[in-house]
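The structure appears below as structure tokens.
The values are calculated or read from the model by the stated rules, or taken from the named source; none is laboratory data. Predicted, not measured: the structure shown is a model, and the values here were computed from it. Because the Cβ atoms are built from the backbone with ideal geometry, glycine has one as well, and the counts that use them run over all protein chains shown. For the accessible areas, the whole protein counts, side chains as well, though only heavy atoms, and no ligand, DNA or RNA atoms are used. Shrake-Rupley method; radii C 1.70, N 1.55, O 1.52, S 1.80 Å.
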Amino acid sequence: MSSVAVVTGSNKGIGLAIVRDLCKQFQGDVYLTSRDPGRGQEAVAKLREEGLHPLFHQLDIDDPQSIRALRDFLKEKYGGLNVLINNAGIAFKVADKTPFAVQAEVTLKTNFFGTRNVCTELLPLMKPYGKVVNVSSMVSISALGSCSQELQKKFRSDTITEDELVELMTKFVEDTKKSVHDKEGWPNTAYGVSKIGVTVLSRIQARMLNEKRKGDHILLNACCPGWVRTDMAGPKATKSPEEGADTPVYLALLPSNADGPHGQFVSDRTVRTW
Ligand code: NAP
């Protein structure tokens with residue numbers, strides 16, 4: 001059975017650059033996924049013109065049915081999954097006038113809850129020596145620094161559970177609706193809080209792998225691609241999408257004899273302090 005890699009939100013930006021790299025470096029099938037089949041097939045055609053051979057599967061991380069369809073497909077065709085890169089994400093522009101509570105709900109829905117739902121369905125499929133990369137952001141570190149001491153302590157805890165994290169992320173959205181997020185110790189960035197969620201989720205998932213599947217040598221990390229010229233970050237950003245793909249691809253292709261990094265936050269191929 002072939003090895004298989006899946007990249008979420010990969011019809012453009014950093015995700016597309018990750019797929020391009022994996023097509024060149026990963027020994028196996030590489031799935032470009034997109035919530036919109038038209039945009040996805042267009043991206044596949046673009047890479048085919050470059051002589052590469054990605055495959056396509058639809059995936060909307062906001063849609064549990066779409067996630068389950070991908071899960072069933074991978075189970076049936078490959079008996080599991082070797083590489084999962086959770087790259088799909090959204091960000092409101094700074095100038096966007098959408099009320100903060102709406103931004104909080106929409107941003108958390110995709111970046112945190114959507115990513116978590118993908119993990120819930122696909123992590124059990126990970127094969128021994130598999131790699132999972134959750135694309136977070138340096139903004140998660142700065143946003144953590146702007147949380148109250150009490151929240152910082154919870155997010156840095158080595159014993160926080162996934163349920164407790166979900167409760168905190170849900171509370172953030174509710175607090176913004178009641179306009180009490182400031183008072184409750186949250187920073188003024190929905191994107192930042194969503195990425196705190198992704199980084200902390202990664203730390204929890206790595207711990208769970210240690211506890212439940214130690215012998216399987218699966219490595220799971222969060223990372224920051226850097227500030228990358230995409231539709232999300234705009235043309236002034238310092239890195240090209242190819243440069244942005246470097247750290248996620250490095251983590252996805254760690255050699256089978258590597259015992260780390262695992263459960264870390266990584267940028268520029270370097271483990272950062274959380
Ligand atoms: P981008 O160009 O806006 O691309 C985002 C991708 O995610 C698109 O393919 C988008 O699909 C997809 N997506 C959004 N919601 C989705 C959903 N519900 N289901 C499936 N796919 C979905 O952004 P990017 O800069 O490449 O960002 C990629 C990742 O890197 C994100 O997680 C982002 O937070 C992170 N990041 C970026 C930077 C940066 O400077 N660019 C810095 C730090 C972290 P559509 O085309 O359908 O919208």
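Measuring nothing but how far apart in sequence close Cα pairs (under 8 Å, 6+ apart) lie, relative to its length, segment 171-235 scores a relative contact order of 20 percent. Based on protein heavy atoms only, the chain ends up with 46 Å² per residue of surface accessible to a 1.4 Å probe.
Please work out, to two decimal places, the log10 of the ratio I(q)/I(0) at q = 0.16, 0.17 Å⁻¹ from a Debye calculation in which every Cα of segment 192-274 carries one identical scatterer. These q points yield log10 I(q)/I(0) values of -0.66, -0.73. Regarding the chain, what is the average projected area of its C-alpha convex hull, in nm²? The directionally averaged projection comes out at 13.9 nm².
Taken as entire DSSP H runs, the helices of the chain that both span 30 Å or more between Cα atoms along their own long axis and average 0.0 or more on the Kyte-Doolittle scale are 190-212. With contributions of -39500 (n - 2.57) from each DSSP H run of at least four residues, the per-residue ellipticity at 222 nm computed over the chain stands at -14000 deg cm²/dmol. The accessible surface of the chain, taken with every protein chain in place and a 1.4 Å probe, is 50 percent carbon and sulfur. Using the Cβ-Cβ distance between Lys97 and Lys46 with R0 set to 51 Å, the FRET efficiency works out to roughly 0.90. Extension gain for Gln27-Lys178 works out to 49.3 nm (0.36 nm per residue, less the C-alpha to C-alpha distance). Computed on protein heavy atoms with a 1.4 Å probe, the accessible areas place Trp274, Trp186 in the order Trp274, Trp186, largest first. Here the chain carries DSSP beta bridges of which approximately 10% are antiparallel, counting only pairs with both residues inside.
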